[in-house]
Each structure stands twice: as structure tokens, then as C-alpha cells.
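The values are calculated or read from the model by the stated rules, or taken from the named source; none is laboratory data. Computed from a prediction, not measured in an experiment: that's the story for all the values here. For neighbour counting, all protein chains shown are included, and Cβ atoms are generated from backbone atoms with ideal geometry for every residue, glycine included.
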Amino acid sequence: MRAHRVGEHAVLVECAGTDEVQDTYALLAARREELGAVEVVPAARTVLLDGLADPGLVAARLAAWTAPPAPAAVSARVEVPVRYDGADLEEVAGQWQVGVEEVVAIHTGTEFTVAFCGFAPGFAYCTGLPVDRAVRRRASPRTAVPAGSVALAGEYTGVYPTSSPGGWQLLGRTELELWRADAEQPALLVPGTRVRFRAL
Amino acid sequence: MRSDRVLEVLDAGALSTIQDLGRPGFAHLGVPRSGAVDQPALRLANRLVGNPEEAAALETTATGLRLRFGHAGALAVTGARSAVRVGGRAVGWGTAVAAAAGAEVEVGPATDGLRSYVAVAGGIAVPAVLGSRATDLLSGLGPSPLRAGDVLPVGPAVAEPSGSEAVPRERGSELGLWLGPRQDWLTPAALARLGAASYEVEPASNRIGVRLRGPVLERARDEELPSEPMVLGAVQVPPSGQPVVFLADHPTTGGYPVVGVVREADLPVCAQARPGDRLSFRILG
């Protein structure tokens, strides 16, 4: 793996794409303690190890590592029931040049994977849609998107765990609780989770 | 007179929050680290009153605050310099001082720096969220910012106050900068400018980041950077070309290139920078 030092406590591992991020994250998260990292954080094309005592040493060690394909058996599967009545269904249908029913069919027919979290606690960036289904964000973000909103932006599908401002295109809503700060596992959708959306 | 182990907030000032060393370890779930922006100052305040360094204390912003002790206890104020009064009497800054039950404590406006830390013996004992009592203003995790009338529980004191060890140091205005990971997103001229220019701290700075205004840093690449994980002290360059230094409540991922990371020892300079102050970067490598 190719790792750069970032400041005094971190290294950033570069990946060729989403799949490689997944494999790299699975490997590094499993070996977090051995590497002496406090955080292992995946993102779109990179994985960060933070809280390292000697990032130079870790970067040198990682140069000799290759991430094998992440074992599918270890990833959790979550089904998200969705009421597809979002305010931007027509907009997405327009961008995809299909009907609204087909938007729902495409979305429910795709197996997604949580690539990474960010933006807000428990907000999962799910990949799985083909590249030609990338969606432009709204020109001006909404000041409040309700919790549970299922939305699209770029190559990602996300579910807003709490109400927040947001510029993603809204497909619908789920009642599923995505974030509970006092739970043993506070986020329902963690990196690596396989996700299916089901129409109600 | 009540003698519960509590602090009553009489006046929270412009912004006062509860802070400890934050909640590292959850960034992969999108949870910011949060915690005291000036960590050495928080640790010092805690040591002075006999607390473990990671205990929760109060972080003020520019204007100070007023409190009333429900019990007889000890406190220490560190970080930004300010006039401290207990029961109307001027007492020391950067040292442990006693407060009688019912005594009013006034931490005045910061006279040098921006954020003062007020530790009390026993620590602030509000419930922890994900292992921390810190207020995170980005995600909303942890207790809300303090308001007048709040009554904060105080834990049992575990050790005697250790008196004084505070040596006020010159904070300086230079930030050591480790380049990378995306320094190649700036033109060579912009990179040279970053290491030579002086930047003014914008009023929009907060616990998330210090926003700087100065010579525009031109980018060498126009495309969008796929979201990357962010670290404390990251210097991000948005399309405006005006750098932002990420502090405790920074987002866990971001889509603008990080051209360098501020040296850990210089983070307190960022924490204490006031709007209008001038900062510069010294490129370390």
C-alpha cells in the first residue's frame, strides 16, 4: 500500500477506488491495535490511520502490505424500509431520464455498501449505483432535512441520521433509527455494511 | 445554604462549554474528536486542582463567565489570561484557589488569548456521551453550551490541589507546518506564499476551525477532491484560496485539499488566536 505521512500522528493510505478502500479499511481496522492507531477512518479513495506514535515507521511497514479482498462474511447486512415520497424524486427521474417508478426500482434493486461515514455522526455514504447514475446536488441546500431522509448525491446514497441542513436529492424517508449515541453500537450503518432499500 | 457539589452558572458569557479530552476513536462513524481546543491549558487547569488531566472543565470564549459554588471547593483558571475573582476578591490566575460554599466566581474577559479553562476539584460530572463530556458544536453531541441557571454536578475531589506550576509562556504567532498530503494541489508559487505571508484571523473562526484571510492561494488543479479523512490541525484550502486550520470540532471528512498540518505544539496558538490577530506559517518539511 502507498501511505503518506500526515502531520506528526497520522498516515493516509491511497486506494485506486471504492473497492480497494473497503478491502484496505477491513484489513487496517482488524489490525488497528497492532499498528498502534487510535482511529482507522475510510473515505472515498483513502484510509487514514490517526493517533500513531511513529507514523514514519507505520508508513514504511505498510509499503510491504497488500490488502486482500475483504471477506464478505464479516460484513453486516441491513434492510432499510423506505417510503419513497421524497421531494426530489422527479428531479432524480429527470437526471436519470427515467420515470419515478423506475427510480424506485433501480434504488431498491441495488445492493449498496457503506463506503464511509462523515458529514454527521452515523451518516453513511453508500456506494453501489453505477457511475452513470451519479446525481447532481441541489443548487441551494435545504436548511433542514428531516431525520430518516434517504437521499442521493454524486455516486452516493445516504440516510440522514438526524435533522440537519443538506443539499442531497431526497428520495424518501425511513423510520429506522440510524444513530443512538448511548447504544453499544451507536451507528446502524458502519463502514463495510451491506445495505438494501425496500419500498413500503 | 445548600452545600451540594454543584456549580451554578450565573452568566455563561458569549460561549462557554464543558470540555475534556474529547471522544477520539469514533471518527469512522463520523464523530468529531471534540474536546478542549487548547488541550495543554485544560490539562494544566486539571493538574492544578488535583484532577486527572482528562477531567471535564469549562471552556470560555473571549468574555469569561460567572459561577456560584454550591460547596466549598477549589478552582483554577488557565489558557487565556483573565482577571479572576472569588467572592469579590481578586485571586490568582494559573493557580489553585479556594472557594467557599456559596461563593461567586467571576472569570473576566480574556486579556491575552481567547479561551480560558476553569477546572474545579472533582471535575464537571455531567453524563458522558461516547466516553466524553465534551460539547461538540459541529455534531451537537454532548451537553449544550452553558446557559445562566444551569446547575452542573461536580465529582468527588480525588487529590489535594497541587498549588501552582503555571508559567505563563509567550504564545507567538508562528505555526510550524508539515506539508501534505495534498500540497501538490497548490501552485509552487502559492506554496511559497503560504510559507511567507501573514494571515489575519477572521471573526467567523470557531471551535471547528480558524479561518484565515490573506494572499489567495491558487490551486494547481481544478477538479474536485473525493472526500478524505481529516486530522486535527489540517490546513484546508477551499476554492476561495483562503486557508482554514481545523480545530477540535472539525468534520471527520472533507472535500477540499489539505496542504499541510500544523505542528501539534503550535495548536494552542490557533486555539488562542483572536479575530484580527495575525498568524504565519513556517514550513517544516
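The table below gives the values:
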| quantity | calculated |
| --- | --- |
| Candidate set from the range B:108-134 (those that are of a type in the set (S, T, Y) and either surrounded by fewer than 20 Cβ atoms within 10 Å (Cβ to Cβ) or within 13 Å of chain A (Cβ to nearest Cβ) (or both)); member that is farthest from B:R43 (Cα to Cα) | B:T111 |
| Matching strands (runs of 3 or more DSSP E) fully within the range B:123-202 where at least 3 residues are closer than 17 Å to B:Q236 by Cβ | B:174-179 |
| Selection from the range B:1-41 of residues that are within 11 Å of chain A (Cβ to nearest Cβ) and outside any loop (DSSP other than H, G, I, E, B) | B:A27, B:H28, B:L29 |
| Residue list for the range A:152-200, restricted to those being within 14 Å of chain B (Cβ to nearest Cβ), of a type in the set (G, A, S) and surrounded by fewer than 16 Cβ atoms within 10 Å (Cβ to Cβ) | A:S163, A:G167, A:A183 |
| Count - residues of the range B:243-266 that are aromatic (F, W, Y) and either touching a residue at least 60 places away in the same chain (Cβ under 8 Å) or more than 19 Å from B:E200 (Cα to Cα) (or both) | 1 |
| Qualifying positions in the range B:187-222 - within 24 Å of A:A10 (Cβ to Cβ), surrounded by fewer than 17 Cβ atoms within 10 Å (Cβ to Cβ) and of a type in the set (D, E, K, R) | B:R221 |
| Scope the range B:236-266; condition assigned to a strand (DSSP E or B) and in contact with a helix residue (DSSP H, G or I) (Cβ under 8 Å, 6 or more places away or on another chain); matching residues | B:V245, B:V259, B:G260, B:V262 |
| Output for the range B:223-255, where each listed residue is within 29 Å of A:Y25 (Cβ to Cβ), surrounded by fewer than 22 Cβ atoms within 10 Å (Cβ to Cβ) and away from chain A (no Cβ under 14 Å) | B:P238, B:P239 |
| Helices (runs of 4 or more DSSP H) wholly inside the range A:1-119 containing at least 3 residues that are under 30 Å from B:L138 (Cα atoms), more than 22 Å from the chain's Cα centre (by Cα) and away from every other protein chain (no Cβ under 14 Å) | none |
| Of all residues in the range B:267-285 being at pLDDT 95 or above and within 11 Å of another protein chain (Cβ to nearest Cβ), the one that is farthest from B:L194 (Cα to Cα) | B:L267 |
| Qualifying residue in the range A:136-151 (condition: within 12 Å of chain B (Cβ to nearest Cβ), in a strand (DSSP E or B) and modelled with pLDDT of 95 or more) | no |
| Filter result (acidic (D, E) and in contact (Cβ under 8 Å) with a residue 60 or more places away in the chain) within the range B:66-111 | B:E104 |
| In the range A:120-135, residue farthest from A:Y160 (Cα to Cα) [restricted to those that are part of a strand (DSSP E or B) and among the β-branched types (V, I, T)] | A:V135 |
| Qualifying residue in the range B:78-87 (condition: modelled with pLDDT of 95 or more, in contact with a helix residue (DSSP H, G or I) (Cβ under 6 Å, 6 or more places away or on another chain), polar (S, T, N, Q) and under 26 Å from B:R278 (Cα atoms)) | yes |
| Meets criteria (over 23 Å from the mean Cα position of the chain (by Cα) and part of a loop (DSSP other than H, G, I, E, B)) for B:L232 | no |
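Every residue, every condition in (1) outside the structural domain of B:R66 (by TED's automatic domain parsing); (2) over 12 Å from the mean Cα position of the chain (by Cα); (3) buried (at least 22 other Cβ atoms within 10 Å of the Cβ), yes or no:
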residue: B:L15; (1), (2), (3): no, no, no
residue: B:I18; (1), (2), (3): no, no, yes
residue: B:P24; (1), (2), (3): no, yes, no
residue: B:L29; (1), (2), (3): no, yes, yes
residue: B:G35; (1), (2), (3): no, no, yes
residue: B:P40; (1), (2), (3): no, no, no
residue: B:N46; (1), (2), (3): no, yes, yes
residue: B:G50; (1), (2), (3): no, yes, no
